[in-house]
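Take a look at the structure set out below.
The values are calculated or read from the model by the stated rules, or taken from the named source; none is laboratory data. Keep in mind that what you see is a predicted model, and the values were worked out from it rather than measured. Neighbour counts are summed over all protein chains in view; Cβ atoms, including those assigned to glycine, are modelled from backbone coordinates with ideal geometry. What goes into the accessible areas is simple: the full protein's heavy atoms, side chains included, and nothing from ligands, DNA or RNA. Shrake-Rupley method; radii C 1.70, N 1.55, O 1.52, S 1.80 Å.
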Amino acid sequence: MTIAVCPGSFDPITLGHLDVVGRARAMFDEVVVAVARNSAKTPLLPLARRVELTRAAVAGLDGVRVEEVPGLLSEFCRELGAVAVVKGLRGGADVDHEVPMALMNRHLVGVETVFVLGDPALAHVASSLVKDVARHGGSVADLVPPAVEQAVRDALAAGPAPERGTR
Ligand code: PNS
């Protein structure tokens, strides 16, 4: 039974993320989508909401579940017995961003990272752009799973909230 972890902030989950989760599931028996805090980012959606939306997005996908990462991703992987972290690459900028994290996770607990190339048709889909398009009134309905567009709009309309910090 091989377990892989697909980690991310998922602020919010996009069709690009789902593409990578599907590719990971094709390689491993079980995929745990791990919703984590990225201390370099201030999220729009609280962690609990990100978990909820991610869970709804993968509901019905056999062998895929969603968990919150309480602390270090590497510890989470070790405790789970995961054989790999799986991350998607859209282009060179992703490589620059991901390689130091992959090396750090390997340094900490020995877990390997497997990089998969996402669907090129989704190469422009990033959570940050989804939020920016929505913030300026554009439609993101065909970039995210159902319910996510409304959740993003609601969060943008609510404005900054204390619990949005790093939680
Ligand atoms: O979607 P993102 O924001 O690029 O994902 C980055 C994430 C959340 C996977 C990364 O920040 C992370 O692993 N956070 C958990 C805390 C941790 O382990 N930090 C050290 C990373 S080497």
*Heavy-atom accessible surface of the range 21-158: percent carbon and sulfur, 1.4 Å*: 56 percent
_Keeping every protein chain present and rolling a 1.4 Å probe, give me the accessible area per residue for the range 46-154 in Å²._
55 Å²
*Could you tell me which of rounded, prolate or oblate describes the range 95-136, using a ≥ b ≥ c as the square roots of the eigenvalues of the alpha-carbon gyration tensor, with rounded for a/c under 1.5 and, failing that, prolate when a/b is larger than b/c and oblate otherwise?*
prolate
*Using 13 Å as the cut-off for backbone N distance, which residues of the range 18-46 belong to the label zone defined by a point 7 Å from the Cα of His97 along Cα→Cβ?*
38-42
*Rounded to the nearest whole Å³, what is the per residue volume of the convex hull around the Cα atoms of the range 69-130?*
98 Å³
*asked:* How much length would be gained if the chain were fully extended between Met104 and Asp62, taking 0.36 nm per residue of separation minus their Cα-Cα distance, in nm to one decimal?
replied: 12.1 nm
*Phi to ³J(HN,Hα) by Karplus 6.51 cos²θ - 1.76 cosθ + 1.60 over the range 6-20, Hz, x for Gly, Pro*: 9, x, x, 7, 6, 10, x, 5, 10, 5, x, 4, 5, 4, 5
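Rg(Cα) of the chain divided by 2.2 N^0.38 Å? Before the final figure, lay out the partial values.
Details: Rg = 15.2 Å, N = 167, 2.2 N^0.38 = 15.4 Å.
Dividing the Cα radius of gyration by 2.2 N^0.38 Å gives 0.99.
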_Quick check on packing: order 78-85, 55-62, 1-8 by the mean number of other C-beta atoms within 10 Å, highest mean leading._
1-8, 78-85, 55-62
*the chain: most fluctuating residue of Arg25, Arg50, Arg135 per GNM, C-alpha cutoff 10 Å*: Arg135
*Probe 1.4 Å, all protein chains in place: accessible area of His107 in Å², nearest 10?*
140 Å²
_I'd like the Karplus ³J(HN,Hα) series for the range 68-80: coefficients 6.51, -1.76, 1.60, θ = phi - 60°, whole numbers in Hz, and an x wherever there's a Gly or Pro._
8, 8, x, x, 6, 4, 4, 5, 4, 5, 5, 5, 7
